[in-house]
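The values are calculated or read from the model by the stated rules, or taken from the named source; none is laboratory data. Since we're looking at a predicted model, the values are computed, not measured. Please note: Cβ atoms are built from the backbone with ideal geometry, for glycine as well, and neighbour counts cover all protein chains shown.
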């Protein structure tokens, strides 16, 4: 899961950036952002926000009326070795929030320091949290650790995805050096129901060819299951992508959780599949089909 970055090239060196932030040092940016979404009665609002360092949000948008759409921002323009980012998002009873990013997150090349990013997401009883960032792009020689914890209380609704691109396939650039590590853990009523690990060493052909099957992208979509037919509904939707040679995708169920996993050549087919599933569950949960956030099309 990701944080927005605005630059195609790595951000300027830390030593050349303004010294006004007390959270920057020669080892990298240290940043934290915590968001609490609450039900105001007529709509969901950011009831509490705390931030430290270069993490922020745009003013919330309400294209659906009462659902709070929030865009995460990372002003330095990318994540570099030594950065440590922590993002926390919590929906309280009755709240419904959709959190996304205006663009891909780029993890740049490293000269030896590890970039750390962690998300802690909590959906409390009677709330709905949608965590739908655009993809992470890992540049060759990058050293990155990305961890996510998702905590779901009883009767909470959650949809969230992770999209990882190893290298830049549009430039015929593969992840031939560097190391990516990560752990995603999902807890339901305090019980851990899923742990997924990423351990990718650049140039390791056994992982690239066997684990990734030669694809440069992988993605996971996590959805709380509320009916006995949820898995079949997802599998039926995925039939539309059965003959797409640029995408391998399938779904399984673990207790109260639907997990959709995908391998792909490009972002667009994976986003198309995940968005279709997102819209179908939204219709099932709230009786209407939402339009994708406009920022995804820019």
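Taken together, the residues in segment 76-91 that are in contact with a strand residue (DSSP E or B) (Cβ under 7 Å, 6 or more places away or on another chain) and either in a strand (DSSP E or B) or surrounded by fewer than 20 Cβ atoms within 10 Å (Cβ to Cβ) (or both) amount to 9. Taken together, 286, 241, 215, 274 contain a single residue that is in contact with a strand residue (DSSP E or B) (Cβ under 6 Å, 6 or more places away or on another chain) and modelled with pLDDT of 95 or more, which is 274. Please verify whether segment 36-59 includes one or more residues that are touching a residue at least 60 places away in the same chain (Cβ under 8 Å) and either within 30 Å of residue 202 (Cα to Cα) or surrounded by 22 or more Cβ atoms within 10 Å (Cβ to Cβ) (or both). Taking every residue of segment 36-59 in turn, at least one turns out to be touching a residue at least 60 places away in the same chain (Cβ under 8 Å) and either within 30 Å of residue 202 (Cα to Cα) or surrounded by 22 or more Cβ atoms within 10 Å (Cβ to Cβ) (or both). For residue 290, the conditions (1) assigned to a strand (DSSP E or B); (2) in contact with a helix residue (DSSP H, G or I) (Cβ under 8 Å, 6 or more places away or on another chain) are fulfilled apart from (1). For segment 147-188, the set of residues classified as within 29 Å of residue 280 (Cα to Cα) and assigned to a loop (DSSP other than H, G, I, E, B) consists of 153, 154, 155, 156, listed by residue number. Do the conditions hold for residue 234, that is, is it under 30 Å from residue 200 (Cα atoms), part of a strand (DSSP E or B) and in contact (Cβ under 8 Å) with a residue 24 or more places away in the chain? No: the conditions fail for residue 234. Restricting 296, 285, 278 to residues that are assigned to a helix (DSSP H, G or I) and buried (at least 17 other Cβ atoms within 10 Å of the Cβ) narrows the list to 278.
For residue 102, the conditions (1) at pLDDT below 95; (2) assigned to a strand (DSSP E or B); (3) in contact with a helix residue (DSSP H, G or I) (Cβ under 8 Å, 6 or more places away or on another chain) all hold with the exception of (2). Only one of the listed residues (104, 97) is touching a residue at least 12 places away in the same chain (Cβ under 8 Å), under 16 Å from the mean Cα position of the chain (by Cα), crowded, with 21+ Cβ neighbours inside 10 Å and closer than 23 Å to residue 219 by Cβ. That residue is 97. Consider segment 17-58 and keep the residues that are in a loop (DSSP other than H, G, I, E, B) and at pLDDT 95 or above. The one that is nearest to residue 98 (Cα to Cα) is 43. For segment 244-262, the criterion of a residue being touching a helix residue (DSSP H, G or I) at 6+ places or on another chain (Cβ under 7 Å), surrounded by 14 or more Cβ atoms within 10 Å (Cβ to Cβ), assigned to a helix (DSSP H, G or I) and touching a residue at least 24 places away in the same chain (Cβ under 8 Å) is satisfied by no position.
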